[in-house]
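Peer 1: Pasting a structure below so you can have a look.
Values quoted throughout were computed directly from the atomic coordinates according to the rules given, and no laboratory measurement underlies them. Keep in mind it's a predicted model, so treat the numbers as computed, not measured.
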Amino acid sequence: MGRATSGAAYGFLTKLYVYQEQWAKAITAGSKITTDPTYKLADNFADNFTLATENNPEVLYGLQYETGWTTDNSPAWYHTPEAWRLGFHEPIQDW
């Protein structure tokens with residue numbers, strides 16, 4: 001927690017290759033995560049949505065913040081346009 005890891009880097013790289021439709025490179029980069037026992041799926045899918053287990057092994061990269069740091073209790077970083085308001089960071093063409 002608090003540091004980017006090689007798993008986070010490979011996760012972002014995999015996502016980049018998928019958006020670029022470079023499937024072989026996406027599989028190679030993604031395999032660096034799926035074959036590493038450090039980065040396993042959460043024991044229970046619901047663990048991805050509770051505060052008690054918010055930093056489970058399935059989370060490759062998570063931003064941490066505390067209540068009261070901003071006036072509206074929202075994270076103080078830039079979000080790209082979001083389709084479902086779930087905090088996804090999606091690349092856009094027209095920026």
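Peer 1: Which ³J(HN,Hα) values in Hz, rounded to whole numbers, follow from the phi angles of the range 16-24 under the Karplus curve 6.51 cos²θ - 1.76 cosθ + 1.60, where θ = phi - 60° and Gly and Pro get x?
Peer 2: 4, 4, 5, 4, 8, 6, 9, 4, 5
Peer 1: Counting only Cα atoms, I'd like the Rg/Rh figure for the range 1-40, Kirkwood definition for Rh.
Peer 2: Rg divided by Rh gives 1.01.
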